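Read the structure below first, then the notes.
The values are calculated or read from the model by the stated rules, or taken from the named source; none is laboratory data. These numbers come from a predicted model, not from an experiment. So basically every Cβ, Gly included, is an ideal-geometry build from the backbone, and we count neighbours across all protein chains shown.
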Amino acid sequence: MDTPPELPRLRIFLDADACPVKDETYRVAARYKIKVYVVANSPIMVPRVPGIERVVVGAGPDVADDWIVERAARGAIVVTSDVPLASRCVKNGAEVLAPTGKPFSENSIGMAVATRNLMDELRSSGQTTGGPPPFGPRDRSRFLGALDNVVTRLMRAGIKAEAP
């Protein structure tokens, strides 16, 4: 007898290295009772509360990304500023948000990847490209609103939260 396919579960994956919106993510997750996986290559501090799980993966490039991608599917929310990771998660059907609140989607990820690659190529050739603007209070506010909207939309679509 075949086992039924696993239903999508609402959960959040934080690409935790240098993520400026961990506390905001924890607050939204607590309000909706959603489990958060905080994924990093080295131990980082996380609140000792039910529903927040620290995941320390091995050293090496893309090890944390690979761990997230293996689990990010429909119903998952991934928080990252890593464009290649965002692309892989979008392809798996996950919702992906940058810490600025900018959503990565099937429609936008191609341009984001192309821009990232162009900037990387310019930096490799010695060009000074500046960098992203500093992260500020408006970014934090946009992120909170965007995360709340994604959670609400997924819950309205019938996706249940993974129990904390």
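Being free of Cβ contacts under 8 Å to residues at least 12 places away in the same chain and under 20 Å from residue 161 (Cα atoms) is true for just one of 23, 15, 66. Which residue is that? Explain how you work it out, then say what you get.
Values: 15 fails: free of Cβ contacts under 8 Å to residues at least 12 places away in the same chain; 66 fails: under 20 Å from residue 161 (Cα atoms).
Only one candidate qualifies: 23.
From the residues in region 71-82 that are closer than 16 Å to residue 36 by Cα and of a type in the set (Gly, Ala, Ser), which one is surrounded by the most Cβ atoms within 10 Å (Cβ to Cβ)? Even if it seems obvious, please write down each step before you answer.
Of all residues in region 71-82, those closer than 16 Å to residue 36 by Cα come to 71-80.
Going one step further and asking which of them are of a type in the set (Gly, Ala, Ser), we end up with 72-73, 75-76.
Numbers: 72: 27, 73: 14, 75: 21, 76: 24.
Only one residue tops the list, namely 72.
Does residue 56 qualify as being surrounded by fewer than 20 Cβ atoms within 10 Å (Cβ to Cβ), modelled with pLDDT of 95 or more and out of contact with any Phe, Trp or Tyr (no Cβ under 8 Å at 6 or more places or on another chain)? Before the answer, list the steps.
Working: surrounded by fewer than 20 Cβ atoms within 10 Å (Cβ to Cβ): yes; modelled with pLDDT of 95 or more: yes; out of contact with any Phe, Trp or Tyr (no Cβ under 8 Å at 6 or more places or on another chain): yes.
When the stated conditions are applied, residue 56 passes them.
Would you please list the contacts, defined by Cβ atoms under 9 Å and residues six or more apart or on different chains, that run from a residue in region 141-161 that is under 13 Å from residue 24 (Cα atoms) to a residue that is among the basic types (Lys, Arg)?
Between residues of region 141-161 that are under 13 Å from residue 24 (Cα atoms) and residues that are among the basic types (Lys, Arg), the close pairs are 142/102; 143/102; 144/27; 146/102; 148/31.
I need a count of the residues in region 33-57 that are of a type outside the set (A, V, I, L, M, F, W, C), touching a helix residue (DSSP H, G or I) at 6+ places or on another chain (Cβ under 9 Å) and part of a loop (DSSP other than H, G, I, E, B).
Step one: of region 33-57, the residues of a type outside the set (A, V, I, L, M, F, W, C) are 33, 35, 37, 41-43, 47-48, 50-51, 53-54.
Keeping just the survivors that are touching a helix residue (DSSP H, G or I) at 6+ places or on another chain (Cβ under 9 Å) gives 35, 37, 41, 47, 51.
In the following step, the residues that additionally are part of a loop (DSSP other than H, G, I, E, B) were identified as 41, 47, 51.
Qualifying residue count, region 33-57: 3.
When the residues of region 122-144 are filtered to those that are loosely packed, with under 11 Cβ neighbours inside 10 Å and not in a loop (DSSP other than H, G, I, E, B), which remaining residue is modelled with the lowest pLDDT?
Ranking the qualifying residues of region 122-144, first place goes to 124.
Could you tell me which numbered condition residue 85 fails, if it satisfies all but one of (1) in a strand (DSSP E or B); (2) crowded, with 21+ Cβ neighbours inside 10 Å?
Among (1) in a strand (DSSP E or B); (2) crowded, with 21+ Cβ neighbours inside 10 Å, the lone unmet condition for residue 85 is (1).
Of the numbered conditions (1) assigned to a helix (DSSP H, G or I); (2) surrounded by 13 or more Cβ atoms within 10 Å (Cβ to Cβ), residue 11 satisfies every one except a single condition; which is it?
(1)
Can you tell me which residue is modelled with the lowest pLDDT among those in region 59-94 that are of a type in the set (Gly, Ala, Ser) and within 10 Å of the chain's Cα centre (by Cα)?
Kept after step one, since they are of a type in the set (Gly, Ala, Ser), are these residues of region 59-94: 59-60, 64, 72-73, 75-76, 81, 86-87, 93-94.
Subsequent filtering for residues that are within 10 Å of the chain's Cα centre (by Cα) retains 72, 76, 81, 86, 94.
Values: 72: 95, 76: 96, 81: 89, 86: 93, 94: 95.
Only one residue tops the list, namely 81.
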